[in-house]
Amino acid sequence: MEPVIIVLIILVVLVFIALIKTIQVIPQASAAIVERFGRYTRTLNAGLNIVVPFIDTIRNRIDLREQVVPFPPQPVITQDNLVVNIDTVIYYQVTDARAATYEVASYIQAIEQLTVTTLRNIIGGMDLERTLTSREEINAALRGVLDEATGKWGIRVNRVELKAIEPPTSIQDSMEKQMRADRDKRAAILQAEGVRQSEILRAEGEKQSQILRAEGEAKAAALRAEGEAQAVRTVFEAIHAGDPDQKLLSYQYLQMLPKIAEGDANKLWIVPSEIGDALKGLSGAVGNFGSSLGGNGASGGTVPAQERREKPSID
């Protein structure tokens, strides 16, 4: 009985192993290559799959999702004989699991080598300045070559990116000096433009200020002249309304004489001819005033001649 039990146990174990090998569960976005006696039979897609145990074998499981592979820096010589190191990143996706398994031994290594050779061909026709400023052009050219070459491998290259382009150290120093000089130049130009604009604005402000000041002075002078004219007109009208005689005018002339003679610098001054006429009129008025005083004294009493001689004469 014991040998029979052992045989039954062995059979149960073999059946269990066979069931495990028969039922294959493939995850989503994956595929599996099935070979029968070393020959490709079919491709298992995502889900539950049944295979013949001990006859069918799973050769390879492939991820069908988009993959990202960064490649190490590659030295590339430009058209002007400068060596630059370029880092690339490839975005690819397996579209045919059978071709990716049987058409190429290692599609990752193949893509890397193809990327290096294509980069050398593209960068070899560009100088350093164009290489640094034409990333989109390089990406498009590299992607076109890689997509065409990897199509037969069941690979689709979706994107190619240049992660870094590093020129030699001496060239980097020269570029930094040139960029610094350009920035200093732009800063000096901007500063000069600012000073120029400031001077223009200041000159415009001063011009406008002078114009407004001149207009204000002109208006003030006009108002002052108008006020003086009004004052003269008022005085003239008052004089004519009062109808002054020759005596009043003569008295006003005499009052203006001290003001004409004021000041240390007045060495010589000219007396108008009208002042003589005014003095004559004033002296006549004073004489008439004295005669009236004398007549009043004679009527009131006789004044001694000696007392009249002691009185000061009127100048």
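The values are calculated or read from the model by the stated rules, or taken from the named source; none is laboratory data. The model shown is predicted, which means the values in this text are computed figures rather than measured ones. Don't worry about glycine lacking a Cβ; one is built from the backbone with ideal geometry, like all the others, and counts go over all protein chains shown. For accessibility, only protein heavy atoms count, side chains too; no ligands or nucleic acids. Shrake-Rupley method; radii C 1.70, N 1.55, O 1.52, S 1.80 Å.
Some notes on this structure:
- Ala18 vs. criteria free of Cβ contacts under 8 Å to residues at least 40 places away in the same chain, closer than 30 Å to Arg159 by Cβ and among the small types (Gly, Ala, Ser): no
- Subset of segment 62-117 (residues that are more than 20 Å from Ala46 (Cα to Cα) and among the polar types (S, T, N, Q)): Gln74, Thr78, Gln79, Asn81, Asn85, Thr88, Ser106, Gln109, Gln113, Thr115, Thr117
- Selection within segment 79-97 - open to solvent by less than 50 Å² (accessible area, probe 1.4 Å) and either free of Cβ contacts under 8 Å to residues at least 12 places away in the same chain or part of a strand (DSSP E or B) (or both): Val84, Ile86, Asp87, Thr88, Val89, Ile90, Tyr92, Gln93, Val94
- Hey, Thr118 open to solvent by 20 Å² or more (accessible area, probe 1.4 Å) and farther than 25 Å from Asn60 by Cβ or not: no
- Among the residues of segment 150-206, those identified as under 30 Å from Glu103 (Cβ atoms) and of a type in the set (Gly, Ala, Ser) are Gly151, Gly154.
- Matching residues, segment 148-198, being open to solvent by less than 100 Å² (accessible area, probe 1.4 Å), free of Cβ contacts under 8 Å to residues at least 40 places away in the same chain and among the acidic types (Asp, Glu): Asp173, Glu176, Asp182, Asp184, Glu193
- Strands (runs of 3 or more DSSP E) enclosed by segment 1-78 - at least 3 residues per element that are modelled with pLDDT of 90 or more and open to solvent by less than 30 Å² (accessible area, probe 1.4 Å): 30-36
- Per-region count, segment 98-111, residues surrounded by fewer than 15 Cβ atoms within 10 Å (Cβ to Cβ) and not hydroxyl-bearing (Ser, Thr, Tyr): 3
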